[in-house]
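Notes follow the structure.
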Amino acid sequence: MNLQQALLAIGDAQDNELPITGLEVIKANWSEFYPELERLIDQFIADDASLSDDQQTILFFGTLLLAELRYSPALEKCLQLFARSDTFLSPLEGVFGDVLTELTPTLFYNVVDGNTQALCNYIVDGHQAMYCKASAIEAVFAQFEADIIDEFVLSAHVTRWIAVFSALPNSINSFLLSALADSCIEYELDDFKSQFIRLCDKGLFDEERFKQDEVKAWNRADTPKLIESGMIQTQFDVVATLSAWAEDDADSEDEELDSLVKENLEEFEGFDSLMGEGGLLANILYDENTILENSVPVSSLPRVGRNDPCPCGSGKKHKKCCLR
C-alpha cells in the first residue's frame, strides 16, 4: 500500500473501524504526509465547513498521529487548529468528538515538547476554545509533574491565568477558572488557596465543572496526578487507545441493553396475575393479527447514543449526563 492508497483507506474508514494498515503507511511516509495534513489544517482554519467527510477523517487521524510521533514542528498549526469554539455541535467537535475533552491534554503535552510559554499564550488568548484551553492547562500541570518546569514557573503562569479569567466573567472563563482550581488543588499549590476562596464570594466558578464547596474544602491530596493516572499519555498509541475506546463503548451498550431488559422484566412482573384466572385482563383475547398490528419493531424505537444530546435537555452529551 502506498501513501495515496493509505489516505483512501483512512478516508473510507467507517464508524469504529480503525484503518490500522493505512496509519502504519502514513507513519512510514510521514515527511511526505505531513504537508497534506498541514494543508487540511489550513483549509479548516480558513473555512471549517469546507472539508469533505474523507478529509475530516484524515484530519482526525493525522492530528492524533502528531501526539503519537511527538511531532513538535506542528505545534503552531496544532494550536491554530484548536483556537476556536469547541462546544457541542461546533465544527471542531464535529471532526474530533470526544478527543476534544479526552485526548487534547495528551496531544498538547506531547507536541509542545517543553515549550510551556506557547501553551500559556494559547490559554490567555481571546479565542473561544473552552475544553481545549482547559486541556492546555492540564498539559502545563503535567509538565510540572514530569519536572519539565518547577513550581516557581508554574505559579507564575497560574497567577497570570487567574488574573485573565477573573477579569472578564463569562461562561468560558468560569469554566476555565474552575478547571484551574481543580488542578491547583490536585497538585497541592496551597499558596493559591486563599485567593481561590476569595473568588468563591464573587460567584465566578462553573458549578458543573468544579463546585465552590470543593474549592473551599481544598483537599485532593490522594488524587492520582495526570500522568500517574494515565489521563495524559506520554507514550501515546493511536490504535491502542481508540481500540480501547471501541471496547468500552461496546461494553457500555451491552450494559445499557441489560439494564433495559431488566427494567422491562420488572415492569411485567405483575402481568401473569393480571392475565390469570380472575385477573383484570383475563377476559381480553389477543389473537395473532391483533398482536402483529400493535407491535412496534425494536429497530424503530428511538435510541439515544452515548455522544448524542441528553434527552433531559441539559445540553450535555448523554454519556456525560443521565447515562452516568
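The values are calculated or read from the model by the stated rules, or taken from the named source; none is laboratory data. All of these numbers come straight from a predicted model, not from anything done at the bench. Glycine also receives a Cβ, built like all others from the backbone with ideal geometry; neighbour counts cover every protein chain displayed. Side chains included, ligands, DNA and RNA excluded: accessible areas come from the protein's heavy atoms. Shrake-Rupley method; radii C 1.70, N 1.55, O 1.52, S 1.80 Å.
Subtracting the Cα-Cα distance of residue 163 and residue 246 from their residue separation scaled by 0.36 nm leaves 25.8 nm. Solvent exposure of residue 228, expressed as accessible area, is near 130 Å², computed with a probe of 1.4 Å over the protein chains only. Taking label positions 7 Å along the Cα-Cβ direction at both residue 32 and residue 152, the computed distance is 5.0 nm, reported to one decimal.
Rounded to the nearest 20 debye, the dipole size of region 131-204 about its Cα centre is 520 debye, using +1 on the Cβ of Lys and Arg and -1 on the Cβ of Asp and Glu.
Here region 98-234 is assigned +1 on the Cβ of each Lys and Arg and -1 on the Cβ of each Asp and Glu. Its dipole about the Cα centre then comes out at about 480 debye. Using a simple spin-label model with pseudo-atoms 7 Å out from Cα toward Cβ, residue 20 and residue 217 lie 4.3 nm apart.
Taking 32 Å as the limit for the C-alpha separation, the pairs 77/216; 133/216; 133/193 exceed it in the case of 77/216. When a 1.4 Å probe is rolled over the protein heavy atoms, the share of accessible surface on region 78-221 that falls to carbon and sulfur comes to 48 percent.
Each Cα pair under 8 Å and six or more residues apart adds its separation to the average, and for region 1-44 the resulting relative contact order is 39 percent. Each Cα pair under 8 Å and six or more residues apart adds its sequence gap; the mean of these over the residue count of region 44-142 is a relative contact order of 31 percent. Positive end of the dipole of region 90-239 (Cβ unit charges, origin at the Cα centre): among 157, 104, 223, the Cα lying farthest that way belongs to 157. Candidates 174, 184, 196 compared by Cα position along the dipole of region 156-203: farthest toward the positive end lies 174, with charges placed on Cβ.
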